[in-house]
Structure formats: C-alpha cells, structure tokens
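The values are calculated or read from the model by the stated rules, or taken from the named source; none is laboratory data. All of these numbers come straight from a predicted model, not from anything done at the bench. Positions of Cβ are generated from backbone atoms using ideal geometry, with glycine treated the same way; all protein chains shown enter the neighbour counts. The protein model used for the area step is the full one, side chains on, heavy atoms only, and it has no ligands, DNA or RNA in it. Shrake-Rupley method; radii C 1.70, N 1.55, O 1.52, S 1.80 Å.
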Amino acid sequence: MLNYDIVVIGGGPAGLAAAIEAKKNGVDSILVIERDRELGGILQQCIHNGFGLHIFKEELTGPEYAQRFIEQLEDMGISYKLDTMVLDISEDKSLMVMNRTDGLLKIRGKAIILAMGCRERTRGAINIPGTRPAGVFTAGTAQRFVNMEGYMVGKKVVILGSGDIGLIMARRLTLEGAEVKAVAELMPYSGGLTRNIVQCLDDFDIPLFLSHTLIDIKGRDRVEGITIAKVDENRKPIPGTEQHYECDTLLLSVGLIPENELSKSAGIQLDSITGGPVVNEAMETSVKGIFACGNVVHVHDLVDWVTEESRRAGRNAAKFIKDELWDGGPSFRTAAEKGIRYIVPHMVRVENVEQTVDLFMRVDDVYTNVNMVVKLDGVRIRTITKKHLAPGEMESIKIPTKFLKEKSGGLLTVCLEKEGA
Amino acid sequence: MNKKEMICIVCPMGCRLTLQEDVNEEKGYKVSGNQCHRGIEYGIMEQVNPTRALTSTVKIKDSSLNRLPVRTDHPIPKAMLFECMKLLNHIEIQAPIKMGDIVVENVLNTGANIIASRSMA
Amino acid sequence: MYDVAIIGAGVIGCAVARELSRYDLKVVLIEKDTDIANGTTKANSAIVHGGYDAKPGSLKARFNVEGNAMFDEICKELDVPFQRIGSLVLAFDHEDVQAIQELYDRGVINGVPNMEMLDREQILALEPNLNKDIIAALHAPTAGIVGPWELAIAMAENAIENGVELKLEHKVTQIEKLENGYGISTDKGKLKAAYVINCAGLYADEVHNMVADPSFRIIPRRGQYNVFDRSVGDFVKKVIFQCPTKKGKGVLIAPTVHGNLIVGPDAEELDCKESIETTMEGLGFIREQGKKSTEKVPSHAIITAFAGLRATPSTGDFIIEELTEAKGFIDVAGIESPGLTAAPAIGIYVLELLKNSGVILKEKESFNPIRRKAIRFMELTDEEKTELIKRDPRFGRIICRCESITEGEIVDIIGRKAGALTVDGVKRRARPGTGRCQGGFCGPRVMEILARELEMDITEVLKDRRGSYLLTGPTKVDTGIEESFDAVAAAKEL
C-alpha cells in the first residue's frame, strides 16, 4: 500500500491545477493518477484556440494550455502515474488502482481530489430511432480520431447538437476536406458560444437549424442518410417539416455528463441536476476529505473556470491536510430558483471563505435584460443586471462575506427577475 | 456592396450589425446595431480584411501520435485558410519537437508562421 | 467433400455444429456475414423460457422444455453466462388471471416443473418495483436469462476446436442436387456435402427453395428493445412478462446476464429481412407498455435501443425435417421464440434425423466438450489479478472504462477459434463498448488492438459487416491538383 497526503484522480486541466495548487500551499506528498497515456486530458484533442483568455490573458490552443500546467507540475516534482485506472474508492479514502507495471495497487490518500471530468452523451441516451450503422460518432470521439490519431471519420457529415464541440468539429472537418451539410439543434437556441457559430458555421456557409431534431438514420452498414424535422414547443417533430440529407457520417454533440461512477463507489452524495457531487465552498464533497473540481462537478463552458475552481479545491485540500479547514461556524445552503438551473457550491461555510462567496450557475433559457437577484432568507442582498444570459454560458456571482458574517446561517437563493420588476 | 449584415463576435452579446458604405464616415463604412464601440471596429475589420487564426495538424514521424497540432502565430486572411490547409498536407515533421517551434515560416507570405502547439517526444 | 454442411451460423447452426463435432464427420459451417450470431441471435430478449407458452404437442413445446433442462450443463461446459432466475407472467385483471391459469395448465402438460401461482403480496415481496395493481402472477422458476450470442459463439468455438470448419463471408447462392449429395455455390466458390442442414434463419425459406418447391415462408417480425445502464440492473429480479391478451403479448422487463436491464419487444410483421431499424413508434410503444408492469421504469438510464427480426414461420411451428423430395437436406427453419431455449435440444434432434437418414455417428475419442474459460478479469480475486498482470501486463491495462475490460481479455477473444474480427465482434465477446459511454472512449482503442492483432491497417477495421467501415482514410493526404484549385476557388469566394 502506498500512502500520500493528497491523491488526485484525473490528469486533465482540473487535476493538474488542483495538484499544483496543493503543492504551492505546502503539501509535498501528492500523486496524480491519469488513465490515458499522457497528461492533459481532453485538452490534447482540442487543438483549436480560445483557451486561457482569463487565466493567461492570451488565446491558447488546448494542448498549449495543458502543456503550461504539465510543465509546471513536472518542475514542481509532483509525481503522477499514467495509463493507470482507479477501480474503486472506499469511504476511508483508499483507492484500488491498476496498471501494466504495478499491477494491482492499493493507494491511500489523507485527502482525495476527484477530477475525472465528463463523458459525452451517446445516441442511446437520447434514443434516436433508425438503423445502427457505422458512421455515428460522438463529436469528441471524432475529434480525437481527426486531431490526434490522424484519421478522417467521414466525407459528408451532418451534426446533431450545436454544443461547442459540435461547432468546432464542423469547422475542423470542413477544413480537412469533408462536406458538413447541416447542424441541427433541438432547442430554439444554440448551446455553443456565438463566436463559434460565426467562425465555425457562418464562415463556411454551414446551415444551423434551430428547433430541429433527428428523426431517422438510414443505412444498414454505413450511414447513408439522415432525416431531421422541425419540432414544436413540446419538442415533438412537426409532420411535413422533414428534410433528408445524404451523408455517410452523423456526429452527435448532445451534451456532456460528469463521470461519477467512482464518486458513487465512495458513497458521495450527487446532485441530480448537475450529475456531479454536492460540494461546499471548499469544493469538498459529502465525504470529509474528498474534494472534487472541474467537469466532474458540473460541466463548464470555459477551461479557465475549471482551472479556477480546481485551484480552490487544491488549496482547500491542502488546508484539510494541515487541519486548517473549519467545519463549524455559520453555514448557508444555496438553492436555484426561477430561471436558474443549479448553483455550485451547494453549501457555504463562511469561516473558510477567502474574500467573496463565489456562486456558479447556469440559466435555463435565453434571457435579455434581466436581473439576477441574490436573496438571503428571502431578503434581497444583491442584484446584477444582465443584458444577455444563455444556458450555454456559465454565470458567476460574487457575494461579499460582509452580508453573511453577522448571520448564524440561512438559505442563499438566486433567481431571475425582469428588469424593472 | 451596399449593405451587409453580420454578427459581432467580440463578446457573448452577439449584436447583429449592419454595415453600410458611407463616404462621410472616416473609414468609409457606417455600422449600426452595435451596443458598444467595439462592434464598430469589428464590423469594419470584418469587411475590409477579415482574418482568422488557423489551427490544424501536420504529420509527425517517430512520435507516439500520428499528428502534431499546429497553429498560425497571427491571424491570416480568411480567404487563405484552404490554401494554407493544402500546404500543410505536404508537411511532415520529425519528432522530437518543442511547443512554439516554427513548422512553416511566413506561410504563404502572410507574415504569420505555423508553429507547433505542443511538444512531442 | 464434406459429410455435412450447415448453412447459417446463428445459435441454431452453431448448436447443430457442436453436436456434430462429437462424431467422426467432416463438417463445415457456412455463414454469409462477417461474424457468428450476426442475425436474429444477436438481437432478441435473451430469455431461456420456462415452456408453458407453446401449444402442447408442438415442436416448440417439446424443444423448449427439453432445451431449458440442458442449459445448466451446456453453459457450464462452454463458460456461457446463464442465470436461472425464474419468470413471472403478470395478471392485471380477472380475465388475465384466467389466461395465466391456462398457461399454467399448458405448462403442466408440456412438462414444465415447479410452476406456481402467486398473489399480489407474494409478487410485491419478490419484486417491490412492480405496480401495486397487479393481482396475480404465474411463477416459473426454471426460466432464466442467457447471453445469446455468447452461447452461439461458444458453441461454434467448441465445434471448431473439435474439428468443424467455419467459413465466414460465404453467402450461399445456389444449391444443386448431385448423385451423392449437394453442390453448394457461394460467392466465394463451390463446395460439396453429402448432407445439408438449412439453419439460414430469416433466409431459411430461400435456401429451402434452392432444392425444393416452396412449402413455407419466413416472415420477418421485428421487435424493438431498450437497454438500460447497469446502475438499474437490479430493478427487477426475475423475467417479468405481461399476460398475453387479444391486443398482444405485452412487453417484458428483465435483467440481463451482464447486469443491465432490458425492456421490449413490440412485434411488427415486415416485408424486408434487413429492416433492423428502430422507430419512434416502436420505442414509444415499449415505453408505454412497460408502464403497465411498473410505472417506475427508469427511463433516464437508457443506454441504447436495438431491433431484431424474428424468423416467424408461416406454418406456426418450428419446421425441423428432412425433405422428402431432397433426401439428405434437412430444414431447421422458422425458429422463432422459444428458439434460443430450444437450440441445444434442436441440435440433438438433428442428430437423430441424420441417423435416421443413414449417417453413421461414430463418437470421436478426442471430443472435448469443455471450452477454455474466458478470462473475466474483474471477477478474479486480487491475488489472481496480480498474478495475471505479472504474467501478461496487458491485463493491467483497462481499455473499456465503463465495463472495466482489459487489453488482455480483448486480445484473448480475438485470438480464439471463431474469434472477433470486427469492433462489434469484440463487443459481443468481451463487452467493451456495451456500457454507458457506448464505446466513445474505448472504440478507438479497440480498433487499434484489432488492427494490430489481425495485422491490418486501422482504416480497414469494420464495425460489423462488410461495408461498415469506420474511418475513411488518413488526414493530411494530398487531395490532388484539381481539387486544390476548387478549394482555392472556394476559399476566394468566402
């Protein structure tokens, strides 16, 4: 059995930032466990730019963003294991891990940081009817093939879902010589960033069909075509609006799901909306000493926010090791109300808050000119006016601790109100 | 061109800009629909000389992966994206390579270099 | 010249092949597809039926009950996942109660052991997730669940180990009667056999018609299913049927041998024998119909949907006979439900038919009924795991994260007799890609391993059958001069 102060599960952006930050905060005995052949996680296949605007004040590609952290981790002498799978976490924070060289290995951490990221929703999860031929890929799998392995997944492509990976892949495949015929999106708005719609679709005259869904896949062996149709307000296809496209490939960009099978094995409480662990201000889960950060907690829109959140987790895990994390004192629950889908963290212990209480959330629809209203036990303590809110973009609100210091606890809520109401 | 519609991508607002030729304006165009001054700048640039950063890959020999991710170190004219992609088809790099190493210098006389966006052993 | 040619490597063809491999005969198993079990066998309810359903006196009734009793031994010999978990047929009203009583009576005549009638309390004690308005149920403890393609593949592997030849991607196009047997033309050449066993599933009528006048038709009857994540695999403990009514047979809810949950099927007669697409109506039907058994069906945990075609005979019963007009040609046709259950018994019955037709069955001394156990890494003890990784480090590398399948297991099932040749072939034998990510992570890795082990380029790796290519070629290849002009022109227009 190996013993470490902190074991970080996952060597993507979240795990890297958390490990580095823990080390900076005085913990030396740290191990990062990564299941892939190299560190960096999904960033290594995200070769497009747009990463790092907040953290580094420059526009980096995914691999560049990852490499900055990997180099820092190596410079600091933090140990890591590659090609290593965590099979199980028990509540006493011991892990069963496995790889080719060590075989089966038991590792115990005084603290654990969960940074496993997320996975893509698949065809089955959205129950698309039709045949099951070759040529149906999730956008991320296609991205790995094209960008890292160097293989094309198809020649004529339709993309279902307008999340950012789908938009980015529309451009990538077009540049690589494929014909991307259309992008269909179930919702009346895109799940991706506006700049991606302009730069990835409009630049190449790829049509985006909002409020459309896939109703059929044709082809016995390889995809031969697909049919999309417009949907009504209940998201049911409207007869007569069908459009057929001949294509050999269907890419799915229909959402991401936090990967929490290990969290479940450790008995950690999960939030049914985010799909990730319930966490407090320290990014600590319902099991003492097990922290979580990044897309395993909730799916982020920008990696910069993952880094920020993971640094917080790393810092607090270090505090936990040094026995500087407070468990008592006033604590506040958070709750999403009208217009807000969820809030992270779920609980705030004021004693541990560094400067401001930072709440992260997503809205449930597109809104223009609305107020985001924070209430403490029903009393408005902050109002932020927003010109534009969309579900594809994560929002954050900072609450000065002065509002909370005097209180002995309570309920923090956020809701949307029409401006002027 | 007389009138042109475009979406501003400077911030998430996504303003719908209308660009109109106007000899009375300093830069020859009048921009409307913008909610801030950055929209004007974007609109005119997008009309006069639209540029894009290009990210792609090139073949790499003797590495654990088949492709090396690369990018332009400055945006290049939008109209040259495909030509540049075509040029990258012919490039094969020998590992090891360091992030930031120049893969193609002054690509297609744009003044931009193609650089490696990661190190590969 | 073969002694016996079996046409079709579904579960029936494989069962016949394995039975024949016990004897001193030269046997060939001919399959049109790229893999064994690629038709009806890979897409059904995966149930070993009790045997109360079929009409007394029918072949279905006989082979169901006989076959059911053989499963413990055959699955043990061949290392096939099988669990005798029992089944319930639910009654929702008094008419249903009468109907399940009739099933009970039929079961008694058919020889189904240990059936019992349960009342609401007993049912809910066994299955707390079922609806509270169920009033009675028929319990058949001998019913079970099995891995259908695993069974077929295991029987084929064992048959090949014992001397049977397998010819994949050989589609039979014509059969001519010779003086002392049959000449079988395939798209890959001709072969001769003294006896022919027609196990061609959906195409059994067409193969029959190659040597005789049409005497039956095979009607493709499609059934659609949803498969659920393992997290809800214990939602029910037994196979839950609904009482058959005038409106239909209802849908079943059952655990699978791999710990998933399956709900389905509907039933729809079609004209096309290749129509294995799911439809919105079909999936909608099973979703609604399932609620009759339990309102609590965990729809959020659906990981995939599939459809299969049953080979329904126009005669209503299995057709297993030597043709009077074509001696030595045996039809094994129309093997719809309970065909999977009946398969082992049908294999033995075909032996009898061959014997009656003059084939001398001399037992081989070398016959080994045992198939080398598949390595299921995650089921080993920690000590065994450690030992195995030391011996072969490939067992230390997890390829499928959802199902925890190691590289060692995948290499093993590619290397076996009747081993995997395609991504789906690997999936059916070792299960990577059957979990919640449905191959998103492991797909590329499995393709890599297949390419390496079978010594081919990764772009040649198929999903399933010929034509189901996954990659269209490498990136960064020169597209040629004309195309480049087009690209430049297109770029200029932007």
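I want to confirm something. Restricting to segment C:364-382 and keeping residues that are acidic (Asp, Glu) and more than 9 Å from chain A (Cβ to nearest Cβ), which single residue is least open to solvent (accessible area, probe 1.4 Å)?
Keep residues of segment C:364-382 that are acidic (Asp, Glu), which gives C:365, C:379, C:382.
When the remaining residues are screened for being more than 9 Å from chain A (Cβ to nearest Cβ), the result is C:365, C:379.
Working: C:Glu365: 189, C:Glu379: 141 Å².
Checked segment C:364-382; the qualifying residue least open to solvent (accessible area, probe 1.4 Å) is C:Glu379.
Based on this model, can you work out whether C:Asn110 counts as over 30 Å from C:Ala326 (Cα atoms), in contact with a Gly (Cβ under 7 Å, 6 or more places away or on another chain) and surrounded by 15 or more Cβ atoms within 10 Å (Cβ to Cβ)? Let's see the steps before the verdict.
Numbers: over 30 Å from C:Ala326 (Cα atoms): yes; in contact with a Gly (Cβ under 7 Å, 6 or more places away or on another chain): yes; surrounded by 15 or more Cβ atoms within 10 Å (Cβ to Cβ): yes.
When the stated conditions are applied, C:Asn110 passes them.
Taking C:Ala200, is it of a type in the set (Gly, Ala, Ser), in the same structural domain as C:Ile7 (by TED's automatic domain parsing), crowded, with 23+ Cβ neighbours inside 10 Å and farther than 24 Å from C:Gly419 by Cα? Spell out how you get there, then give the answer.
Values: of a type in the set (Gly, Ala, Ser): yes; in the same structural domain as C:Ile7 (by TED's automatic domain parsing): yes; crowded, with 23+ Cβ neighbours inside 10 Å: yes; farther than 24 Å from C:Gly419 by Cα: no.
No.
Give the residues of segment A:149-167 that are out of contact with any Phe, Trp or Tyr (no Cβ under 6 Å at 6 or more places or on another chain), open to solvent by 10 Å² or more (accessible area, probe 1.4 Å) and either outside the structural domain of A:Phe209 (by TED's automatic domain parsing) or not in a loop (DSSP other than H, G, I, E, B) (or both), sorted by residue number.
Of everything in segment A:149-167, those that are out of contact with any Phe, Trp or Tyr (no Cβ under 6 Å at 6 or more places or on another chain), open to solvent by 10 Å² or more (accessible area, probe 1.4 Å) and either outside the structural domain of A:Phe209 (by TED's automatic domain parsing) or not in a loop (DSSP other than H, G, I, E, B) (or both) turn out to be A:Glu149, A:Met152, A:Lys156, A:Leu160, A:Asp164, A:Ile165.
I'd like to verify a number: residues in segment B:55-79 that are facing chain A (nearest Cβ under 9 Å), touching a residue at least 40 places away in the same chain (Cβ under 8 Å) and assigned to a loop (DSSP other than H, G, I, E, B), how many?
Residues in segment B:55-79 being facing chain A (nearest Cβ under 9 Å), touching a residue at least 40 places away in the same chain (Cβ under 8 Å) and assigned to a loop (DSSP other than H, G, I, E, B): 2 in total.
Return the residue satisfying two criteria in turn: it lies in segment B:102-121 and is without any contact (Cβ under 8 Å) to a residue 60 or more places away in the chain and of a type in the set (Ser, Thr, Tyr), and of such residues it is farthest from A:Glu58 (Cα to Cα).
B:Thr110
A:Ile238 is checked against (1) without any contact (Cβ under 8 Å) to a residue 24 or more places away in the chain; (2) of a type in the set (A, V, I, L, M); (3) more than 12 Å from chain C (Cβ to nearest Cβ); (4) touching a Ser or Thr at 6+ places or on another chain (Cβ under 7 Å) and fails just one. What number does that condition carry?
Unmet for A:Ile238, out of (1) without any contact (Cβ under 8 Å) to a residue 24 or more places away in the chain; (2) of a type in the set (A, V, I, L, M); (3) more than 12 Å from chain C (Cβ to nearest Cβ); (4) touching a Ser or Thr at 6+ places or on another chain (Cβ under 7 Å): (4).
If you scan segment C:125-138, which residues turn out to be touching a Lys or Arg at 6+ places or on another chain (Cβ under 9 Å), without any contact (Cβ under 8 Å) to a residue 60 or more places away in the chain and either part of a strand (DSSP E or B) or within 22 Å of C:Ile47 (Cα to Cα) (or both)? Spell out how you get there, then give the answer.
As a first pass, look at segment C:125-138 and keep what is touching a Lys or Arg at 6+ places or on another chain (Cβ under 9 Å): C:126-127, C:129-137.
Filter once more, keeping what is without any contact (Cβ under 8 Å) to a residue 60 or more places away in the chain: C:132-133, C:135-137.
Once the filter is applied, which keeps residues that are touching a Lys or Arg at 6+ places or on another chain (Cβ under 9 Å), without any contact (Cβ under 8 Å) to a residue 60 or more places away in the chain and either part of a strand (DSSP E or B) or within 22 Å of C:Ile47 (Cα to Cα) (or both), segment C:125-138 yields C:Ala136, C:Ala137.
Please determine whether any residue of segment C:310-322 is closer than 30 Å to C:Glu127 by Cα and in contact (Cβ under 8 Å) with a residue 24 or more places away in the chain.
From segment C:310-322, those closer than 30 Å to C:Glu127 by Cα are C:310; that's our starting set.
Now drop any that are not in contact (Cβ under 8 Å) with a residue 24 or more places away in the chain, which leaves C:310.
Yes, segment C:310-322 has at least one match.
What pairs come out if I take residues in segment C:390-406 that are closer than 22 Å to A:Ser263 by Cα and pair them with residues that are open to solvent by less than 30 Å² (accessible area, probe 1.4 Å) and among the aromatic types (Phe, Trp, Tyr) whose C-beta lies under 8 Å away, six or more apart or interchain?
C:Ser404/C:Phe377; C:Ile405/C:Phe377; C:Thr406/C:Phe377; C:Thr406/C:Phe395
Could you check, for segment A:382-402, whether at least one of its residues is in a helix (DSSP H, G or I) and open to solvent by less than 40 Å² (accessible area, probe 1.4 Å)?
Let us first name the residues in segment A:382-402 that are in a helix (DSSP H, G or I), namely A:402.
Add one more test, that the residue is open to solvent by less than 40 Å² (accessible area, probe 1.4 Å), and what stays is none.
Looking through segment A:382-402, none of the residues is in a helix (DSSP H, G or I) and open to solvent by less than 40 Å² (accessible area, probe 1.4 Å).
Only one of these is touching a Leu at 6+ places or on another chain (Cβ under 6 Å) and of a type in the set (A, V, I, L, M, F, W, C): C:Phe329, C:Phe377. Name it. Don't jump to the end; show me each part of the working.
On the way: C:Phe377 fails: touching a Leu at 6+ places or on another chain (Cβ under 6 Å).
The match here is C:Phe329.
Of all residues in segment A:23-70, which are at pLDDT 95 or above, on the phi > 0 side of the Ramachandran plot, within 14 Å of chain B (Cβ to nearest Cβ) and open to solvent by 10 Å² or more (accessible area, probe 1.4 Å)?
A:Gly41
Here's the yes/no breakdown for (1) within 22 Å of the chain's Cα centre (by Cα); (2) open to solvent by less than 10 Å² (accessible area, probe 1.4 Å); (3) within 14 Å of chain A (Cβ to nearest Cβ); (4) hydrophobic (A, V, I, L, M, F, W, C):
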{"position": "C:Asp229", "(1), (2), (3), (4)": "yes, no, yes, no"}
{"position": "C:Gln242", "(1), (2), (3), (4)": "no, yes, no, no"}
{"position": "C:Gly248", "(1), (2), (3), (4)": "no, no, no, no"}
{"position": "C:His258", "(1), (2), (3), (4)": "yes, no, no, no"}
{"position": "C:Lys273", "(1), (2), (3), (4)": "yes, no, yes, no"}
{"position": "C:Glu277", "(1), (2), (3), (4)": "yes, no, yes, no"}
{"position": "C:Leu283", "(1), (2), (3), (4)": "yes, yes, yes, yes"}
{"position": "C:Ile286", "(1), (2), (3), (4)": "yes, yes, yes, yes"}
{"position": "C:Lys292", "(1), (2), (3), (4)": "no, no, no, no"}
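Hey, can you tell me all the residues within segment C:420-450 that are open to solvent by less than 10 Å² (accessible area, probe 1.4 Å) and not hydrophobic (A, V, I, L, M, F, W, C)?
Answer for segment C:420-450, where residues must be open to solvent by less than 10 Å² (accessible area, probe 1.4 Å) and not hydrophobic (A, V, I, L, M, F, W, C): C:Thr422, C:Gly425, C:Pro432, C:Gly433, C:Gly435, C:Pro444.
Listed residues C:Lys417, C:Lys427; which is touching a residue at least 12 places away in the same chain (Cβ under 8 Å) and away from chain A (no Cβ under 13 Å)? Can you show your working first?
Details: C:Lys427 fails: away from chain A (no Cβ under 13 Å).
Exactly one residue qualifies, and that residue is C:Lys417.
Would a scan of segment C:294-302 turn up a residue that is buried (at least 20 other Cβ atoms within 10 Å of the Cβ) and part of a strand (DSSP E or B)?
Yes - at least one qualifying residue is present in segment C:294-302.
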